[in-house]
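Below is one structure, written out as structure tokens, with a few remarks after it.
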Amino acid sequence: MSEPLVLEGKKLSKELEASLIPRVQRVKELSGRVPILATILVGDDPASATYVKMKGNACARVGMESLKVEMPKETTTDQLLAKIDELNADPAVEGILLQHPVPSQIDERACFDRIALDKDVDGVTSLGFGKMAMGEFAFGSATPAGIMRMIDHYGIDPKGMHAVVVGRSPILGKPLAMMLLNRHATVTICHSRTVDLPSITRTADIVVGAVGIPRFIKADWIKEGAIIIDAGFHPEKCGDVDLDNAAPKSKAYTPVPGGVGPMTIATLIAQTVEAAERRLRIL
Ligand code: NAP
């Protein structure tokens with residue numbers, strides 16, 4: 001069998017970012033200001049703080065600004081809703097990112113759903129999900145939208161393929177399954193109550209690991225020549241698929257790190273630029 005194709009998210013995300021620089025400049029010329037992404041971090045979870053910082057750095061790399069909103073871990077749902085209302089009403093803010101997860105006393109779904117649809121550049125609102133699922137325009141959830149960008153870039157057409165998505169979270173598994181379905185894949189969604197998961201993943205042309213358990217999907221669960229998308233990321237620098245053993249038998253795979261992760265951030269930034277372009281009606 002020939003060598004598997006490595007879906008190089010890191011390289012692709014750099015190309016995507018480079019393509020955004022002139023678009024940011026054009027927005028600035030036409031509107032007199034660069035797009036601003038507001039990032040909201042509630043509490044002091046170090047991993048969340050790192051993700052928010054990485055998103056702010058990406059804004060800077062393309063010439064955009066980020067507005068960092070930090071709220072204490074005791075923040076209530078009402079306080080967070082009020083902050084989101086403020087950002088929704090601010091014409092300088094093109095996109096709003098509420099870093100997931102928020103502390104448990106907060107109704108995260110209510111807060112996500114308060115984000116104005118045209119500023120929902122991270123694709124977290126129920127309305128945006130519904131529109132996307134119906135094939136109408138809405139910004140996609142950033143991780144699955146980044147995965148779709150990546151497979152498009154590499155000329156992988158999911159039409160007619162059996163895609164098995166392991167995981168059904170609102171920000172990853174569920175929207176990715178809908179995106180693949182919209183592109184005419186035959187989609188199976190698996191989760192913690194799925195019976196005999198390996199027998200299902202073995203029938204997949206595309207296997208997506210979106211589980212949150214290190215190296216959960218084993219090599220012998222994957223058929224020869226399948227495409228592996230590993231959305232997982234763990235501190236031990238591995239994903240949700242046992243890539244060491246599974247990648248060699250695949251047709252193509254996303255490495256960890258350097259696959260899905262960088263595409264998520266680049267997609268968030270691209271969608272913020274697009275929000276500004278849509279507002280200016282230049283897209
Ligand atoms: P999550 O909200 O915890 O969801 C995990 C999903 O996996 C759930 O649907 C769960 O099923 C399912 N699951 C758990 N145990 C399972 C089992 N034994 N068998 C089959 N399914 C099982 O996680 P998430 O936020 O979607 O994240 C998933 C992974 O993606 C994590 O590794 C995370 O770090 C990574 N991630 C990466 C990015 C990025 O930017 N690269 C972004 C988001 C997430 P139930 O629904 O039945 O509980």
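The values are calculated or read from the model by the stated rules, or taken from the named source; none is laboratory data. Keep in mind it's a predicted model, so treat the numbers as computed, not measured. Note that each Cβ is placed from the backbone with ideal geometry, even for glycine, and that neighbours are counted across all protein chains shown. To get the accessible areas, we keep the full protein, side chains included, count just its heavy atoms, and leave off ligands, DNA and RNA. Shrake-Rupley method; radii C 1.70, N 1.55, O 1.52, S 1.80 Å.
Between the helical axis of 9-31 and the dominant principal axis of the chain, each derived from Cα atoms, what acute angle in degrees is found, rounded to the nearest 10? Tilt relative to the chain: about 20 degrees. With a simple spin-label model that places each label point 7 Å from the Cα along the Cα-to-Cβ direction, the separation between GLU224 and ALA92 comes to 6.1 nm. Each residue of region 184-195 is assigned a 3J(HN,Hα), and the resulting list reads 6, 7, 9, 10, 10, 9, 10, 7, 5, 9, 5, 8 Hz, derived from the Karplus form 6.51 cos²θ - 1.76 cosθ + 1.60 (θ = phi - 60°), x at Gly and Pro. Give the residues of region 246-273 whose amide nitrogen is closer than 13 Å to a point set 7 Å from the Cα of SER2 in the direction of its Cβ. Residues passing the 13 Å test: 251-252. Put simply, when 244-257, 98-111 are sorted by average Cβ atoms within 10 angstrom per residue, most first, you get 244-257, 98-111. Take the Cα coordinates of the chain, assign each an equal point scatterer, and use the Debye formula without solvent to give log10 I(q)/I(0) at q = 0.08 Å⁻¹. Evaluating at q = 0.08 Å⁻¹ gives log10 I(q)/I(0) of -0.33.
Structure note, pairs LYS11/LYS223; LYS131/LYS174; LYS218/LYS249; LYS223/LYS249; LYS10/LYS237; LYS68/LYS119: Cα-Cα distances above 19 angstrom occur for LYS11/LYS223.
Modelled label positions at ILE282 and GLU136, each set 7 Å beyond Cα in the direction of Cβ, lie 2.8 nm from each other.
Axis angle, to the nearest 10 degrees, between helix 46-61 and the longest C-alpha principal axis of the chain: 70 degrees. Computed over protein heavy atoms with a 1.4 Å probe, the accessible surface of region 142-260 works out to 42 Å² per residue. So the label point goes 7 Å from the Cα of ASP244 along Cα→C-beta, right? Which residues of region 193-225 then have their backbone N under 15 Å from it? It comes to 214-220, nothing else.
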